[in-house]
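The values are calculated or read from the model by the stated rules, or taken from the named source; none is laboratory data. If you're wondering where the values come from, they're calculated on a predicted model, not measured in any experiment. Cβ: placed from backbone, ideal geometry, glycine included. Neighbour counts: every protein chain shown. SASA here: full protein model, heavy atoms, side chains in, ligands and nucleic acids out. Shrake-Rupley method; radii C 1.70, N 1.55, O 1.52, S 1.80 Å.
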Amino acid sequence: MTTQTVQFLRPSKSADSAKPSGIAQRWSVDEVEALFKLPFADLLYQAQQVHREHFDVNAVQLSTLLSIKSGGCTEDCGYCPQSAFNSAGVEDQEMLKLEAVVKAARAAQQKGAGRFCMGAAWREPSDADMASVVKMVEAVRDLGMETCATLGMLSEEHVEQLREAGLDYYNHNLDSAPDFYGEIITTRDYQDRLDTLERVRRAGINVCSGGIVGMGESLTQRAGLIAQLANLNPYPESVPINNLVKVEGTAMGNAADLDPLDFVRTIAVARITMPKARVRLSAGRQQMSDAVQALCFLAGANSMFYGERLLTTGNPDVERDRALLDKLGMYPLAEKM
Ligand code: SF4
């Protein structure tokens, strides 16, 4: 019997050298792509080792997402049924009332969610919108839950209001690699996203940022997304990895399916390059078999969206998720004794 040496890939020696922008480039795109190309077993082995070094691998953090303002968004994100540019039929609705948000948060908490994320379909909030959101954040915090919001671009002033309200996390995804981004969104650029993330980071609010795979990007572009996230300084505390949900009426309604094993590889590469992040299984989980989800956990996922709906697309029901976690001997983070 021969013993095979497992190839381990690490950040380059230039890890600490600063790019002109002042951001330390920990991972080059080539290095991340090399991880993607490892034999599957070697990749998962390395991801498992990194995961076990930093986390209890059987605990999963559960976040429930609520759309507090749906539809009619003025951005043209090609994957999104809430964009006014798409014809997916999501109506432009008014913002939910505070009582409805608190009721939904309480219900999520009773079902085991530890974090409650409030999402609004805006390019950016107005001052009046912010006044309402601040009350929601304060009320959800009062329930003893972690709070997260995803409201689009933020000014310094709005970031400060959220900080004062005690917001724990702000979600703003990079979506894709810089060189693929223009294929999916034209109404705001990549730098706008980086600027919002920088403001959030400077205010001391935890950063939640990830992306979407399966939109027709190349492997190099998928690696480019992960490298971009991993090179944020510091990298995000939460990294949602979404598998495109193809919604009829959106520009990506007919995109080709991503091989599920390529999704698993993306999770593993995110785990290796961002060792201490919560890597979250996000959109697209409803279409995944239990076996693929189990592989994702093996690859280092340790967070997932929990609850029957995401913003406007479906999610596995709570019973199916609890049964899956039971089968795998896993438990929600908040319930660990
Ligand atoms: S992803 Fe967000 S910003 Fe883009 S269209 Fe949908 S709601 Fe608007």
When residue 112 is run through (1) small (Gly, Ala, Ser); (2) at pLDDT 90 or above; (3) assigned to a loop (DSSP other than H, G, I, E, B), the failure sits at (2)
Among residues of the stretch 158-214, those that are touching a residue at least 60 places away in the same chain (Cβ under 8 Å) and open to solvent by 40 Å² or more (accessible area, probe 1.4 Å), counted = 3
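On the given criteria, is residue 167 away from the ligand (no atom under 16 Å from the Cβ), in contact with a strand residue (DSSP E or B) (Cβ under 9 Å, 6 or more places away or on another chain) and assigned to a loop (DSSP other than H, G, I, E, B)? Give the derivation first.
Numbers: away from the ligand (no atom under 16 Å from the Cβ): yes; in contact with a strand residue (DSSP E or B) (Cβ under 9 Å, 6 or more places away or on another chain): yes; assigned to a loop (DSSP other than H, G, I, E, B): yes.
Judged against the criteria, residue 167 is a match.
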Applying the selection to the stretch 262-275, what residues are open to solvent by 20 Å² or more (accessible area, probe 1.4 Å) and either touching a helix residue (DSSP H, G or I) at 6+ places or on another chain (Cβ under 7 Å) or at pLDDT below 95 (or both)?
-> 265, 275
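Given the structure, is residue 91 farther than 22 Å from residue 188 by Cβ, within 15 Å of the ligand (Cβ to nearest atom), free of Cβ contacts under 8 Å to residues at least 24 places away in the same chain and not hydroxyl-bearing (Ser, Thr, Tyr)? Don't jump to the end; show me each part of the working.
Details: farther than 22 Å from residue 188 by Cβ: yes; within 15 Å of the ligand (Cβ to nearest atom): yes; free of Cβ contacts under 8 Å to residues at least 24 places away in the same chain: yes; not hydroxyl-bearing (Ser, Thr, Tyr): yes.
In short, yes.
If you check 99, 124, which single one turns out to be closer than 24 Å to residue 164 by Cβ, within 13 Å of the ligand (Cβ to nearest atom) and open to solvent by 30 Å² or more (accessible area, probe 1.4 Å)?
124
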If you check residue 38 against the conditions, is it more than 16 Å from the ligand (Cβ to nearest atom), without any contact (Cβ under 8 Å) to a residue 60 or more places away in the chain, outside any strand (DSSP E or B) and buried (at least 16 other Cβ atoms within 10 Å of the Cβ)?
-> yes
Residue that is farthest from the ligand (Cβ to nearest atom) [pool: residues in the stretch 42-63 that are open to solvent by 20 Å² or more (accessible area, probe 1.4 Å) and within 21 Å of residue 169 (Cβ to Cβ)] | 56
Hey, residue 153 hits all of (1) without any contact (Cβ under 8 Å) to a residue 12 or more places away in the chain; (2) under 23 Å from the mean Cα position of the chain (by Cα) but one; which does it fall short on?
-> (1)
Which of the following residues is closer than 19 Å to residue 59 by Cβ, open to solvent by less than 30 Å² (accessible area, probe 1.4 Å) and not charged (D, E, K, R): 244, 325, 229?
-> 325
Is the stretch 121-137 home to any residue that is modelled with pLDDT under 95, touching a strand residue (DSSP E or B) at 6+ places or on another chain (Cβ under 6 Å) and hydrophobic (A, V, I, L, M, F, W, C)?
-> yes
Looking only at the stretch 186-230, count how many residues are farther than 14 Å from residue 279 by Cα and out of contact with any strand residue (DSSP E or B) (no Cβ under 7 Å at 6 or more places or on another chain).
-> 27
Out of 288, 252, sole residue that is surrounded by fewer than 24 Cβ atoms within 10 Å (Cβ to Cβ) and closer than 18 Å to residue 221 by Cβ = 252
Failed condition for residue 133, given (1) open to solvent by less than 30 Å² (accessible area, probe 1.4 Å); (2) within 16 Å of the ligand (Cβ to nearest atom); (3) not in a helix (DSSP H, G or I), with all others met?
-> (3)
On the given criteria, is residue 232 away from the ligand (no atom under 16 Å from the Cβ) and either modelled with pLDDT of 95 or more or not in a helix (DSSP H, G or I) (or both)?
-> yes
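How about the stretch 137-154: which of its residues are of a type in the set (Ser, Thr, Tyr) and either open to solvent by less than 10 Å² (accessible area, probe 1.4 Å) or assigned to a loop (DSSP other than H, G, I, E, B) (or both)?
Of the stretch 137-154, the ones of a type in the set (Ser, Thr, Tyr) are 147, 150.
The answer is 147, and nothing else.
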